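Everything below concerns the one structure shown next.
The values are calculated or read from the model by the stated rules, or taken from the named source; none is laboratory data. All of these numbers come straight from a predicted model, not from anything done at the bench. Virtual Cβ from ideal backbone geometry, glycine too; neighbours counted across all protein chains shown. Remember, those area values only see protein heavy atoms, side chains included, never the ligands or the DNA or RNA. Shrake-Rupley method; radii C 1.70, N 1.55, O 1.52, S 1.80 Å.
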Amino acid sequence: MTTSYPSNSKVGTFRIRDCVLVTVNNEIDDSSVLEMESNLTEEIVRLPTRGVVIDISQLDIVDTFTGRMLGALAKMSRILDARTVVVGMRPAVAITLVELGMNLNDLETALNVDHAMRRIEEASAEGP
Amino acid sequence: MPNKELLAEGLTDNHTGILEGWIAAQSREGVKRSDVLDEDEIRERSKRLIAILADAIHSADIDESLDIEESGWDPIKNFLRAEAEKREDAGISPTEAAGYIIALKEPVFDYLRKYQDSEGVDTVNTLLASSRIIDQLAIFTMETYLERRDAIIRRQQREMTELSTPVIQVWDRIVALPLIGTLDSERAQMVMENLLEAIITKEAEFAILDITGVPTVDTLVAQNLIKTASAARLMGAQCIICGIKPKIAQIIVQLGIDLPDIITRGDLQGALVYAFDKAGLSLVAKAQ
(Lines give C-alpha, C1' and ligand atoms only; values in the text may rest on other atoms or scores of the structure.)
Protein backbone atom coordinates (compact mmCIF):
# COMPACT_ATOMS: atom_id res chain seq x y z
CA MET A 1 0.00 0.00 0.00
CA THR A 2 1.40 3.34 -1.03
CA THR A 3 0.05 6.60 0.22
CA SER A 4 0.35 10.09 -1.14
CA TYR A 5 -0.65 13.07 0.95
CA PRO A 6 -1.54 16.29 -0.79
CA SER A 7 0.44 19.27 0.41
CA ASN A 8 -2.42 20.86 2.34
CA SER A 9 -3.85 17.47 3.44
CA LYS A 10 -7.44 18.68 3.35
CA VAL A 11 -8.07 15.70 1.15
CA GLY A 12 -6.35 12.38 1.57
CA THR A 13 -5.74 9.96 -1.30
CA PHE A 14 -4.78 6.41 -0.35
CA ARG A 15 -4.15 3.34 -2.42
CA ILE A 16 -5.39 -0.01 -1.16
CA ARG A 17 -4.28 -2.74 -3.60
CA ASP A 18 -6.02 -1.85 -6.86
CA CYS A 19 -8.43 0.66 -5.37
CA VAL A 20 -7.97 4.34 -4.59
CA LEU A 21 -9.60 5.75 -1.48
CA VAL A 22 -10.29 9.47 -1.26
CA THR A 23 -11.49 11.13 1.94
CA VAL A 24 -13.22 14.48 1.82
CA ASN A 25 -13.90 16.71 4.80
CA ASN A 26 -15.62 19.98 5.57
CA GLU A 27 -12.71 22.23 4.73
CA ILE A 28 -13.03 21.50 1.05
CA ASP A 29 -12.96 24.65 -1.10
CA ASP A 30 -12.47 25.56 -4.76
CA SER A 31 -8.69 25.36 -4.75
CA SER A 32 -8.46 22.07 -2.88
CA VAL A 33 -11.03 20.55 -5.22
CA LEU A 34 -8.81 21.24 -8.21
CA GLU A 35 -5.85 19.78 -6.35
CA MET A 36 -7.86 16.74 -5.35
CA GLU A 37 -9.05 16.19 -8.91
CA SER A 38 -5.50 16.20 -10.27
CA ASN A 39 -4.21 14.04 -7.39
CA LEU A 40 -6.94 11.49 -7.91
CA THR A 41 -6.71 11.27 -11.70
CA GLU A 42 -2.93 10.97 -11.55
CA GLU A 43 -3.14 8.27 -8.90
CA ILE A 44 -5.65 6.31 -10.99
CA VAL A 45 -3.37 6.17 -14.02
CA ARG A 46 -0.14 5.71 -12.01
CA LEU A 47 -0.94 2.07 -11.31
CA PRO A 48 -3.66 -0.26 -12.58
CA THR A 49 -6.82 0.83 -10.78
CA ARG A 50 -10.11 -1.00 -10.74
CA GLY A 51 -12.11 1.16 -8.39
CA VAL A 52 -12.29 4.50 -6.63
CA VAL A 53 -13.99 4.95 -3.26
CA ILE A 54 -14.82 8.50 -2.21
CA ASP A 55 -15.44 8.61 1.53
CA ILE A 56 -17.51 11.63 2.56
CA SER A 57 -18.42 10.52 6.08
CA GLN A 58 -16.44 13.48 7.46
CA LEU A 59 -18.50 15.88 5.39
CA ASP A 60 -21.49 17.32 7.20
CA ILE A 61 -22.01 20.57 5.32
CA VAL A 62 -22.92 20.43 1.68
CA ASP A 63 -23.97 22.83 -1.07
CA THR A 64 -24.49 22.69 -4.83
CA PHE A 65 -20.77 23.20 -5.30
CA THR A 66 -19.87 20.11 -3.27
CA GLY A 67 -22.65 18.15 -4.98
CA ARG A 68 -21.34 19.03 -8.42
CA MET A 69 -17.82 18.19 -7.30
CA LEU A 70 -18.89 14.68 -6.31
CA GLY A 71 -20.59 14.17 -9.65
CA ALA A 72 -17.51 15.46 -11.51
CA LEU A 73 -15.09 13.26 -9.55
CA ALA A 74 -17.17 10.20 -10.29
CA LYS A 75 -17.36 11.04 -13.98
CA MET A 76 -13.59 11.63 -14.30
CA SER A 77 -12.75 8.33 -12.62
CA ARG A 78 -15.22 6.51 -14.80
CA ILE A 79 -13.63 7.93 -17.94
CA LEU A 80 -10.36 6.51 -16.65
CA ASP A 81 -12.09 3.12 -16.41
CA ALA A 82 -12.30 2.96 -12.63
CA ARG A 83 -15.58 2.10 -10.97
CA THR A 84 -16.43 4.91 -8.58
CA VAL A 85 -18.47 4.57 -5.40
CA VAL A 86 -19.34 7.40 -3.01
CA VAL A 87 -19.66 6.14 0.56
CA GLY A 88 -20.64 7.31 4.04
CA MET A 89 -22.97 10.13 3.14
CA ARG A 90 -24.65 11.45 6.26
CA PRO A 91 -28.44 11.73 6.46
CA ALA A 92 -28.32 15.53 6.71
CA VAL A 93 -26.10 15.73 3.63
CA ALA A 94 -28.33 13.35 1.69
CA ILE A 95 -31.44 15.34 2.62
CA THR A 96 -29.78 18.61 1.64
CA LEU A 97 -28.69 17.29 -1.74
CA VAL A 98 -32.19 15.99 -2.44
CA GLU A 99 -33.70 19.30 -1.33
CA LEU A 100 -31.32 21.10 -3.67
CA GLY A 101 -32.67 18.92 -6.46
CA MET A 102 -29.33 17.13 -6.90
CA ASN A 103 -30.37 13.51 -7.03
CA LEU A 104 -27.04 12.57 -8.65
CA ASN A 105 -28.76 9.65 -10.31
CA ASP A 106 -25.67 8.29 -12.06
CA LEU A 107 -23.64 8.26 -8.86
CA GLU A 108 -22.98 4.85 -7.37
CA THR A 109 -23.27 4.85 -3.59
CA ALA A 110 -22.55 2.45 -0.73
CA LEU A 111 -22.92 2.58 3.03
CA ASN A 112 -19.24 2.50 3.91
CA VAL A 113 -15.79 1.78 2.55
CA ASP A 114 -16.09 -1.91 3.42
CA HIS A 115 -19.27 -2.35 1.38
CA ALA A 116 -17.84 -0.45 -1.56
CA MET A 117 -14.57 -2.42 -1.63
CA ARG A 118 -16.47 -5.69 -1.45
CA ARG A 119 -18.70 -4.63 -4.31
CA ILE A 120 -15.74 -3.66 -6.47
CA GLU A 121 -13.96 -6.91 -5.72
CA GLU A 122 -17.05 -8.99 -6.47
CA ALA A 123 -17.53 -7.18 -9.79
CA SER A 124 -13.93 -7.80 -10.82
CA ALA A 125 -14.14 -11.46 -9.75
CA GLU A 126 -17.02 -11.86 -12.17
CA GLY A 127 -14.72 -10.73 -14.93
CA PRO A 128 -14.82 -7.72 -17.21
CA MET B 1 -60.54 58.55 40.17
CA PRO B 2 -61.59 55.07 41.28
CA ASN B 3 -61.62 54.78 45.04
CA LYS B 4 -59.48 51.75 45.74
CA GLU B 5 -59.75 51.98 49.53
CA LEU B 6 -63.51 51.80 49.29
CA LEU B 7 -63.30 48.78 47.02
CA ALA B 8 -60.68 46.97 49.08
CA GLU B 9 -62.49 47.66 52.33
CA GLY B 10 -65.78 46.44 50.91
CA LEU B 11 -64.08 43.19 49.97
CA THR B 12 -62.36 42.62 53.30
CA ASP B 13 -65.23 43.67 55.54
CA ASN B 14 -67.44 40.66 56.25
CA HIS B 15 -70.47 42.80 57.04
CA THR B 16 -70.85 44.12 53.51
CA GLY B 17 -72.12 40.72 52.43
CA ILE B 18 -70.04 40.51 49.25
CA LEU B 19 -69.09 36.91 49.99
CA GLU B 20 -72.71 35.89 50.65
CA GLY B 21 -73.84 37.81 47.58
CA TRP B 22 -71.20 36.16 45.43
CA ILE B 23 -72.07 32.65 46.55
CA ALA B 24 -75.75 33.41 45.98
CA ALA B 25 -74.97 34.75 42.50
CA GLN B 26 -72.89 31.65 41.77
CA SER B 27 -75.76 29.34 42.47
CA ARG B 28 -78.25 31.55 40.66
CA GLU B 29 -76.06 31.57 37.54
CA GLY B 30 -75.60 27.82 37.80
CA VAL B 31 -71.82 28.10 38.03
CA LYS B 32 -71.42 27.07 41.64
CA ARG B 33 -71.26 23.37 40.79
CA SER B 34 -71.80 22.16 44.33
CA ASP B 35 -72.57 18.84 42.65
CA VAL B 36 -68.88 18.23 42.04
CA LEU B 37 -67.27 20.64 44.52
CA ASP B 38 -67.62 20.60 48.28
CA GLU B 39 -69.98 23.30 49.62
CA ASP B 40 -67.72 24.32 52.52
CA GLU B 41 -64.72 24.36 50.25
CA ILE B 42 -66.43 26.65 47.75
CA ARG B 43 -67.16 29.08 50.56
CA GLU B 44 -63.64 28.83 51.97
CA ARG B 45 -61.95 29.32 48.61
CA SER B 46 -64.27 32.14 47.56
CA LYS B 47 -63.47 33.87 50.83
CA ARG B 48 -59.75 33.50 50.29
CA LEU B 49 -60.00 34.75 46.73
CA ILE B 50 -61.79 37.87 47.93
CA ALA B 51 -59.11 38.46 50.57
CA ILE B 52 -56.27 38.07 48.07
CA LEU B 53 -58.11 40.30 45.61
CA ALA B 54 -58.46 43.01 48.26
CA ASP B 55 -54.68 42.85 48.89
CA ALA B 56 -53.96 43.18 45.19
CA ILE B 57 -56.28 46.16 44.84
CA HIS B 58 -54.54 47.80 47.79
CA SER B 59 -51.13 47.54 46.21
CA ALA B 60 -51.79 47.94 42.47
CA ASP B 61 -53.06 50.58 40.05
CA ILE B 62 -56.69 50.04 39.29
CA ASP B 63 -57.41 53.00 37.01
CA GLU B 64 -57.06 52.86 33.20
CA SER B 65 -53.48 51.66 33.53
CA LEU B 66 -54.68 48.40 35.12
CA ASP B 67 -52.35 45.63 34.04
CA ILE B 68 -52.64 42.24 35.68
CA GLU B 69 -49.18 41.40 34.33
CA GLU B 70 -47.77 43.55 37.14
CA SER B 71 -46.27 41.72 40.10
CA GLY B 72 -48.95 42.94 42.52
CA TRP B 73 -51.43 40.64 40.79
CA ASP B 74 -49.24 37.54 41.03
CA PRO B 75 -50.81 36.12 44.23
CA ILE B 76 -54.32 36.27 42.83
CA LYS B 77 -53.14 34.87 39.49
CA ASN B 78 -51.49 31.96 41.28
CA PHE B 79 -54.65 31.38 43.23
CA LEU B 80 -56.79 31.51 40.08
CA ARG B 81 -54.45 29.15 38.30
CA ALA B 82 -54.86 26.59 41.07
CA GLU B 83 -58.60 27.20 41.08
CA ALA B 84 -58.86 26.71 37.31
CA GLU B 85 -56.86 23.48 37.52
CA LYS B 86 -59.03 22.22 40.34
CA ARG B 87 -62.17 23.04 38.39
CA GLU B 88 -60.91 21.53 35.18
CA ASP B 89 -60.01 18.31 36.98
CA ALA B 90 -63.55 18.26 38.38
CA GLY B 91 -64.82 18.44 34.80
CA ILE B 92 -66.10 21.99 34.97
CA SER B 93 -66.17 23.82 31.64
CA PRO B 94 -64.08 26.96 31.04
CA THR B 95 -67.28 28.99 30.55
CA GLU B 96 -68.51 27.95 33.98
CA ALA B 97 -65.14 28.71 35.54
CA ALA B 98 -65.13 32.20 34.01
CA GLY B 99 -68.77 32.63 35.03
CA TYR B 100 -67.77 31.85 38.60
CA ILE B 101 -65.45 34.89 38.60
CA ILE B 102 -67.90 37.13 36.74
CA ALA B 103 -70.60 36.33 39.32
CA LEU B 104 -68.55 38.46 41.71
CA LYS B 105 -69.59 41.59 39.81
CA GLU B 106 -73.14 41.62 41.11
CA PRO B 107 -72.40 41.82 44.86
CA VAL B 108 -69.57 44.30 44.24
CA PHE B 109 -71.89 46.55 42.23
CA ASP B 110 -74.60 46.24 44.89
CA TYR B 111 -72.09 47.30 47.52
CA LEU B 112 -70.88 50.32 45.49
CA ARG B 113 -74.42 51.40 44.72
CA LYS B 114 -74.90 52.25 48.40
CA TYR B 115 -72.29 54.98 48.05
CA GLN B 116 -73.59 56.62 44.89
CA ASP B 117 -74.91 59.66 46.74
CA SER B 118 -72.01 59.94 49.19
CA GLU B 119 -69.84 63.03 49.13
CA GLY B 120 -66.33 62.64 47.67
CA VAL B 121 -66.82 59.13 46.29
CA ASP B 122 -66.45 58.56 42.56
CA THR B 123 -68.77 55.55 42.36
CA VAL B 124 -68.95 55.44 38.57
CA ASN B 125 -65.18 55.14 38.10
CA THR B 126 -64.82 52.74 41.01
CA LEU B 127 -67.53 50.61 39.47
CA LEU B 128 -65.81 50.68 36.10
CA ALA B 129 -62.52 49.76 37.71
CA SER B 130 -64.01 46.82 39.58
CA SER B 131 -65.67 45.63 36.39
CA ARG B 132 -62.35 45.83 34.55
CA ILE B 133 -60.55 43.86 37.22
CA ILE B 134 -63.15 41.11 37.34
CA ASP B 135 -63.21 40.84 33.53
CA GLN B 136 -59.43 40.53 33.42
CA LEU B 137 -59.47 37.84 36.08
CA ALA B 138 -62.18 35.91 34.24
CA ILE B 139 -60.15 36.09 31.03
CA PHE B 140 -57.09 34.94 32.94
CA THR B 141 -59.02 31.92 34.22
CA MET B 142 -60.04 31.06 30.67
CA GLU B 143 -56.46 31.39 29.52
CA THR B 144 -55.28 29.02 32.21
CA TYR B 145 -57.70 26.44 30.84
CA LEU B 146 -56.44 27.00 27.31
CA GLU B 147 -52.79 26.82 28.36
CA ARG B 148 -53.37 23.51 30.08
CA ARG B 149 -55.16 22.10 27.07
CA ASP B 150 -52.46 23.34 24.71
CA ALA B 151 -49.85 21.66 26.87
CA ILE B 152 -51.79 18.40 26.75
CA ILE B 153 -52.19 18.61 22.98
CA ARG B 154 -48.50 19.33 22.52
CA ARG B 155 -47.51 16.43 24.72
CA GLN B 156 -49.82 14.01 22.96
CA GLN B 157 -48.61 15.15 19.58
CA ARG B 158 -45.03 14.56 20.63
CA GLU B 159 -45.85 11.15 22.03
CA MET B 160 -47.69 10.25 18.86
CA THR B 161 -44.81 11.19 16.59
CA GLU B 162 -42.39 9.30 18.79
CA LEU B 163 -44.55 6.22 19.00
CA SER B 164 -45.41 6.10 15.37
CA THR B 165 -42.00 5.87 13.78
CA PRO B 166 -40.21 2.76 15.02
CA VAL B 167 -37.56 1.34 12.73
CA ILE B 168 -37.42 -2.45 12.83
CA GLN B 169 -34.42 -4.52 11.94
CA VAL B 170 -35.93 -7.33 9.86
CA TRP B 171 -32.73 -9.10 8.94
CA ASP B 172 -29.02 -8.34 8.61
CA ARG B 173 -28.77 -5.27 6.37
CA ILE B 174 -32.55 -4.95 6.08
CA VAL B 175 -34.64 -2.48 8.09
CA ALA B 176 -38.35 -1.80 7.84
CA LEU B 177 -40.46 1.12 8.92
CA PRO B 178 -44.20 0.45 9.11
CA LEU B 179 -46.20 3.65 8.91
CA ILE B 180 -49.65 3.88 10.45
CA GLY B 181 -52.10 6.75 10.29
CA THR B 182 -52.28 9.92 8.26
CA LEU B 183 -48.92 11.45 7.49
CA ASP B 184 -48.59 15.18 7.84
CA SER B 185 -45.48 16.99 6.69
CA GLU B 186 -44.00 17.06 10.18
CA ARG B 187 -44.41 13.32 10.65
CA ALA B 188 -43.16 12.61 7.16
CA GLN B 189 -40.06 14.63 7.99
CA MET B 190 -39.59 12.66 11.21
CA VAL B 191 -39.96 9.39 9.31
CA MET B 192 -37.33 10.53 6.84
CA GLU B 193 -34.84 11.39 9.57
CA ASN B 194 -35.47 8.21 11.58
CA LEU B 195 -35.09 5.96 8.58
CA LEU B 196 -31.89 7.62 7.38
CA GLU B 197 -30.42 7.48 10.90
CA ALA B 198 -31.29 3.79 11.11
CA ILE B 199 -29.59 3.10 7.79
CA ILE B 200 -26.36 4.43 9.32
CA THR B 201 -26.62 2.82 12.74
CA LYS B 202 -27.78 -0.59 11.49
CA GLU B 203 -25.66 -0.56 8.33
CA ALA B 204 -28.75 -1.37 6.35
CA GLU B 205 -28.53 -1.77 2.60
CA PHE B 206 -32.27 -2.12 2.24
CA ALA B 207 -34.89 0.09 3.80
CA ILE B 208 -38.51 -1.00 3.50
CA LEU B 209 -41.13 1.67 3.92
CA ASP B 210 -44.46 -0.05 4.53
CA ILE B 211 -47.33 2.39 4.06
CA THR B 212 -50.17 -0.16 4.36
CA GLY B 213 -51.55 1.77 7.32
CA VAL B 214 -51.54 5.12 5.58
CA PRO B 215 -55.02 5.96 4.27
CA THR B 216 -54.06 8.89 2.07
CA VAL B 217 -51.25 11.26 1.22
CA ASP B 218 -51.00 14.79 -0.14
CA THR B 219 -48.48 16.24 -2.59
CA LEU B 220 -46.06 17.30 0.12
CA VAL B 221 -46.05 13.91 1.79
CA ALA B 222 -45.73 12.01 -1.49
CA GLN B 223 -42.78 14.19 -2.38
CA ASN B 224 -41.33 13.62 1.05
CA LEU B 225 -41.51 9.85 0.60
CA ILE B 226 -39.72 10.18 -2.71
CA LYS B 227 -37.10 12.44 -1.14
CA THR B 228 -36.58 9.82 1.56
CA ALA B 229 -36.00 7.18 -1.09
CA SER B 230 -33.59 9.43 -3.01
CA ALA B 231 -31.67 10.35 0.14
CA ALA B 232 -31.43 6.68 1.13
CA ARG B 233 -29.99 5.91 -2.28
CA LEU B 234 -27.40 8.68 -1.93
CA MET B 235 -26.35 7.13 1.35
CA GLY B 236 -25.84 3.79 -0.32
CA ALA B 237 -29.03 2.02 0.65
CA GLN B 238 -32.02 1.05 -1.42
CA CYS B 239 -35.50 2.10 -0.47
CA ILE B 240 -38.45 -0.17 -1.15
CA ILE B 241 -41.94 1.20 -0.72
CA CYS B 242 -44.71 -1.33 -0.20
CA GLY B 243 -48.38 -1.43 0.67
CA ILE B 244 -49.39 1.49 -1.51
CA LYS B 245 -53.17 1.82 -1.47
CA PRO B 246 -55.02 2.12 -4.82
CA LYS B 247 -56.14 5.58 -3.76
CA ILE B 248 -52.55 6.67 -3.08
CA ALA B 249 -51.37 5.27 -6.44
CA GLN B 250 -54.08 7.34 -8.12
CA ILE B 251 -53.09 10.46 -6.20
CA ILE B 252 -49.42 10.03 -7.03
CA VAL B 253 -50.14 9.71 -10.74
CA GLN B 254 -52.73 12.51 -10.77
CA LEU B 255 -50.31 14.83 -9.01
CA GLY B 256 -47.80 14.08 -11.72
CA ILE B 257 -45.19 12.81 -9.29
CA ASP B 258 -42.61 10.47 -10.73
CA LEU B 259 -41.28 7.54 -8.81
CA PRO B 260 -37.92 7.20 -10.51
CA ASP B 261 -35.73 4.29 -9.42
CA ILE B 262 -37.96 3.55 -6.47
CA ILE B 263 -38.81 -0.08 -6.07
CA THR B 264 -42.45 -0.61 -5.15
CA ARG B 265 -43.95 -3.90 -4.04
CA GLY B 266 -47.52 -4.84 -3.24
CA ASP B 267 -46.99 -5.89 0.33
CA LEU B 268 -44.31 -6.42 2.94
CA GLN B 269 -43.81 -9.98 1.76
CA GLY B 270 -43.02 -8.84 -1.75
CA ALA B 271 -40.62 -6.22 -0.42
CA LEU B 272 -38.87 -8.78 1.80
CA VAL B 273 -38.53 -11.27 -1.04
CA TYR B 274 -36.99 -8.54 -3.18
CA ALA B 275 -34.57 -7.51 -0.44
CA PHE B 276 -33.60 -11.13 0.33
CA ASP B 277 -32.98 -11.76 -3.33
CA LYS B 278 -30.80 -8.67 -3.72
CA ALA B 279 -28.94 -9.48 -0.53
CA GLY B 280 -28.18 -12.95 -1.87
CA LEU B 281 -30.47 -14.77 0.53
CA SER B 282 -33.18 -17.24 -0.29
CA LEU B 283 -36.04 -18.78 1.58
CA VAL B 284 -36.20 -22.55 1.40
CA ALA B 285 -39.11 -24.70 2.53
CA LYS B 286 -38.14 -27.32 5.08
CA ALA B 287 -38.18 -30.87 3.78
CA GLN B 288 -41.06 -32.79 5.36
Identify the single condition in (1) outside any loop (DSSP other than H, G, I, E, B); (2) among the β-branched types (V, I, T); (3) open to solvent by less than 70 Å² (accessible area, probe 1.4 Å); (4) more than 14 Å from every other protein chain (Cβ to nearest Cβ) that B:T228 does not satisfy, given that it satisfies every other one. (4)
Are any of the residues in segment B:109-131 closer than 20 Å to B:A51 by Cβ and of a type in the set (V, I, T)? yes
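I'm checking my understanding of the structure. Among residues of segment B:231-252 that are within 14 Å of another protein chain (Cβ to nearest Cβ) and part of a helix (DSSP H, G or I), which one is surrounded by the fewest Cβ atoms within 10 Å (Cβ to Cβ)? Reasoning before the result, please.
Step one: filter segment B:231-252 for residues within 14 Å of another protein chain (Cβ to nearest Cβ), giving B:231-239.
After this cut, where a residue has to be part of a helix (DSSP H, G or I) as well, the list is B:231-234.
On the way: B:A231: 27, B:A232: 28, B:R233: 23, B:L234: 28.
Going through the qualifying residues, I end up with B:R233.
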The lone exception for B:D172 - which of (1) over 26 Å from the mean Cα position of the chain (by Cα); (2) farther than 30 Å from B:D277 by Cβ; (3) open to solvent by 80 Å² or more (accessible area, probe 1.4 Å) it fails: (2)
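Return the total of residues in segment B:1-38 being in a helix (DSSP H, G or I), open to solvent by 70 Å² or more (accessible area, probe 1.4 Å) and at pLDDT 85 or above.
Residues that pass the stated criteria total 2.
Taking the stated definitions as given, is B:L209 exposed (fewer than 15 other Cβ atoms within 10 Å of the Cβ) and over 19 Å from A:H115 (Cβ atoms)?
On the way: exposed (fewer than 15 other Cβ atoms within 10 Å of the Cβ): no; over 19 Å from A:H115 (Cβ atoms): yes.
The answer is no for B:L209.
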What residue, of A:G71, A:G88, A:G67, is under 20 Å from B:L195 (Cα atoms) and either under 15 Å from the mean Cα position of the chain (by Cα) or more than 7 Å from chain B (Cβ to nearest Cβ) (or both)? A:G88
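Being basic (K, R) and open to solvent by less than 20 Å² (accessible area, probe 1.4 Å) is the filter here; which residues of segment B:80-139 pass it? Let's see the steps before the verdict.
Within segment B:80-139, the subset basic (K, R) is B:81, B:86-87, B:105, B:113-114, B:132.
Within segment B:80-139, just B:R87 meets the criteria.
Using the structure shown, decide if B:L80 is within 20 Å of B:F140 (Cβ to Cβ), more than 32 Å from the chain's Cα centre (by Cα) and in a helix (DSSP H, G or I).
Numbers: within 20 Å of B:F140 (Cβ to Cβ): yes; more than 32 Å from the chain's Cα centre (by Cα): no; in a helix (DSSP H, G or I): yes.
It is false that B:L80 is within 20 Å of B:F140 (Cβ to Cβ), more than 32 Å from the chain's Cα centre (by Cα) and in a helix (DSSP H, G or I).
Could you tell me which of the residues B:R154, B:R158 is open to solvent by 80 Å² or more (accessible area, probe 1.4 Å) and under 27 Å from B:K77 (Cβ atoms)?
Matching residue, one of B:R154, B:R158: B:R154.
Have a look at A:L104, A:L97 and point out the one that is within 14 Å of another protein chain (Cβ to nearest Cβ) and open to solvent by less than 10 Å² (accessible area, probe 1.4 Å).
Testing whether each residue is within 14 Å of another protein chain (Cβ to nearest Cβ) and open to solvent by less than 10 Å² (accessible area, probe 1.4 Å) leaves just A:L97.
What number of residues within segment A:113-122 are more than 7 Å from every other protein chain (Cβ to nearest Cβ) and either under 13 Å from the mean Cα position of the chain (by Cα) or open to solvent by less than 30 Å² (accessible area, probe 1.4 Å) (or both)? Steps first, please.
Start the filter on segment A:113-122 by keeping residues that are more than 7 Å from every other protein chain (Cβ to nearest Cβ), which leaves A:113-114, A:116-122.
Next, only the ones that are either under 13 Å from the mean Cα position of the chain (by Cα) or open to solvent by less than 30 Å² (accessible area, probe 1.4 Å) (or both) stay: A:113, A:116-117, A:120.
Within segment A:113-122, residues that are more than 7 Å from every other protein chain (Cβ to nearest Cβ) and either under 13 Å from the mean Cα position of the chain (by Cα) or open to solvent by less than 30 Å² (accessible area, probe 1.4 Å) (or both) number 4.
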So A:D30 clears everything in (1) surrounded by 19 or more Cβ atoms within 10 Å (Cβ to Cβ); (2) modelled with pLDDT under 85; (3) more than 21 Å from B:M235 (Cβ to Cβ) except one condition, right? Which one? (1)
